[in-house]
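Structure, as structure tokens:
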Amino acid sequence: MRASNLFFPTLREVPADAQMASHRLLLRGGFIRNVAAGIYDYLPLGYKVIKKIERIVRQEMDAQGAQELLMPAMVPAELYQEGGRWDLDVIFKFRDRNARDYAIGFTHEEVITDIVRRDVRSYRELPLNLYQIQTKGRDEPRPRGGVVRGREFIMLDSYSFDRNWDDLDRAYDKMYVAFSRIFARCGLDAAVVEADSGAIGGKDSQEYMAITDAGEDTVLICESCGYGANAEKCEIGIRPIKKSSEELAALELVDTPNARTIEQVTSFLKKSPKKLVKTLIYLADGEVVAALVRGDREVNEPKLRNALGAKSVELADSETIMNVTGADVGFAGPVGLKGVKIVADREVEGMANFVVGGNKTDAHYVNANLCRDFEVGQFADIRVASKGDACPRCDGTLKAERGMEIGHIFKLGTRYSDAMGAKFLDDDGKEKPFIMGCYGAGVSRMLAAIPEVHNDKDGIIWPISVAPFEVTVILLNSDDEAQCNAATRLYEELQAGGVDVLLDERDERPGVKFKDADLMGTPIQVVAGRLASEGKVEVRLRSDKSKEEITLDEATAHILQLRKALYQGLEDKAQSAAKRA
Ligand SMILES: [Zn+2]
């Protein structure tokens, strides 16, 4: 490709609402343009990156025996109704001329289950793993970060069907390898963390997280053993409780007018939130329960639900709180609370002389103490894990990072096959529901995640595997015959060597060409400049800005070698990522 023919409208001014580095750089470099909230054009450079990501996805999925198909983007309402997801508020819905309801597909569990229940009869046809790469729609309340969270996006979604759970484990492990290799080959060093299965349902699930300050999720990672989990899911290790050595002070009810939030109470009483215990009133399967955590902690509802062995927990409404505590919301406390089970986070067991709500509007107790002032029915891990908490797998400590989710793999089980009556005949002659897994990766999100991790002040530093061009040959002065000849020769030799190369022969100042090559993020840049008259060119690496002079005769072989080494570096990372299972 010649730069004079290439459509890459660069921007000098980037819209102020583009806050993430990747969003700014993708706009500046002419990779994407905004059409509407969360909806983007992929311009030629951006679409080249997408296609290279997709190629890697296909290679790795095919290598694990998955087969590509393409399901419709338009999904009839009946299928989502069968799966029980038609009422999700993120679905784009529309009607045809006959008033039939449809949705733009957002994930395709129901559609694929429908395919398999129609056409797979016997255990002999299993295992089966089918995937697609497709444009999807999700009516996100808050699209953000350019293509990070779009309302239209390109996704890999894969679905496995097995006879039993052991086979599902094997299918899942294969997808673990495929996904680990896909992200590593795209230059993303993804952390794999345990995740909550959330609305999709199912058993185990793991998220692939690109670690970046721009990520919107908190992940906790153990520096000693590598255990990682999403903050919503993360367990906290059990350690012996260190009892406070403070002398117990007298319990006192004090006026705290209008102080209901932790911030208001701590600033009014001039105490650290670590000296507060907050009391949240929940309904667990309809029963009132008080949950206690330290003032600076948050209750983790799935953990609370598990600790209570309840099917559901939800915060109580203000009327229930008034009935139970005799006070407005914000003043609940464990002292004198009658007929309510009290569950406390384990950390509370070590505390002394703390502040709790007074069960009276505008009042709190200070110097409350366990046993003396109230009884706790159960101590359990019920809080959201945070930095410094104990690792649940080893003696280590958890550190907190920001992560951007780029992939998510699930053991679904029979969630959809049961709901949709998808069964096969097993070798014992019995009909059984398919055991399913589903595996998703954000292809268009990777177009943002990669530059979010790989950039500098001059632009994007693409890993060679997904760079719009592997090499840019910069012809500095197109009026100079030696420079022209050198550039043309290299361009042709590199093309013949199978290199994806751009020749920048535009009638532009050298500074513009250097800037554009950096902004575009081409990993290897070759400059045909003044040295061309001596039979030499300069080879530059985008990653470390290193430069070396090399003779024109040796240049092509040298560049091919450099390119090979860059690919090998990514392959090495892919192999070690796949081993971390
Ligand atoms: Zn650990």
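The values are calculated or read from the model by the stated rules, or taken from the named source; none is laboratory data. Given the structure is predicted, the values throughout are model-derived calculations rather than measurements. Don't worry about glycine lacking a Cβ; one is built from the backbone with ideal geometry, like all the others, and counts go over all protein chains shown. We work out accessible area using only protein heavy atoms, side chains counted, and drop any ligands, DNA or RNA first. Shrake-Rupley method; radii C 1.70, N 1.55, O 1.52, S 1.80 Å.
Tabulated data
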{"quantity": "Shape category assigned to region 216-263 from the gyration tensor of Cα positions, a/c cut at 1.5", "calculated": "oblate"}
{"quantity": "Length gained when the stretch residue 124-residue 317 is fully extended (0.36 nm per residue, less Cα-Cα span)", "calculated": "64.1 nm"}
{"quantity": "Estimated inter-spin distance, residue 375 and residue 13, nm [label 7 Å along Cα→Cβ]", "calculated": "7.1"}
{"quantity": "Unit charges on C-beta of K, R, D, E only; dipole of the chain, Debye", "calculated": "380"}
{"quantity": "Protein accessible area in the chain, 1.4 Å probe - carbon and sulfur %", "calculated": "47"}
{"quantity": "Cα gyration tensor, region 1-153 - rounded (a/c under 1.5), prolate or oblate", "calculated": "oblate"}
{"quantity": "Rg/Rh for the chain, where both radii come from Cα atoms and Rh is the Kirkwood radius", "calculated": "1.06"}
{"quantity": "Simple spin-label estimate for residue 242 and residue 578 in nanometres, 7 Å along Cα-Cβ", "calculated": "4.6"}
{"quantity": "Within region 4-74: Cβ-based charge dipole about Cα centre, in debye rounded to nearest 20 (Lys, Arg +1; Asp, Glu -1)", "calculated": "280"}
{"quantity": "Net charge over other residues, Cβ less than 15 angstrom from the Cβ of residue 335 (K, R count +1; D, E count -1)", "calculated": "+1"}
{"quantity": "Using alpha-carbon coordinates, inclination of helix 510-520 to the longest axis of the chain, degrees", "calculated": "40"}
{"quantity": "Under 17 Å from the residue 495 label point (7 Å along Cα→beta-carbon), backbone N, region 543-581", "calculated": "556"}
{"quantity": "Residue 7 - accessible surface, heavy atoms, 1.4 Å probe, Å² rounded to 10", "calculated": "120"}
{"quantity": "Residue-span extension gain [residue 362 to residue 553] - 0.36 nm each, minus C-alpha spacing", "calculated": "60.3 nm"}
{"quantity": "Accessible area in the full protein assembly, largest first, 1.4 Å probe, for 491, 365", "calculated": "365, 491"}
{"quantity": "Estimated [θ] at 222 nm from DSSP helical runs (n ≥ 4, -39500 (n - 2.57)) normalised by residues in the chain, nearest 500", "calculated": "-9000 deg cm²/dmol"}
{"quantity": "Kirkwood-based shape ratio for region 469-577, expressed as Rg/Rh from alpha carbons", "calculated": "0.99"}
{"quantity": "Listed peptides 419-425, 97-103 by packing density, highest first (mean Cβ within 10 Å)", "calculated": "419-425, 97-103"}
{"quantity": "113, 218, reordered so the largest accessible area comes first (probe 1.4 Å)", "calculated": "218, 113"}
{"quantity": "Net length gained if the chain between residue 254 and residue 399 were fully extended (0.36 nm per residue, minus Cα distance)", "calculated": "48.4 nm"}
{"quantity": "Protection proxy ranking, peptides 305-313, 118-126, average beta carbon neighbours within 10 Å, highest first", "calculated": "305-313, 118-126"}
{"quantity": "Antiparallel DSSP beta bridges within the chain, as percent of all bridges there, nearest 5", "calculated": "80"}
{"quantity": "Separation in nanometres of the label points that stand 7 Å from Cα toward Cβ, at residue 196 and residue 87", "calculated": "2.0"}
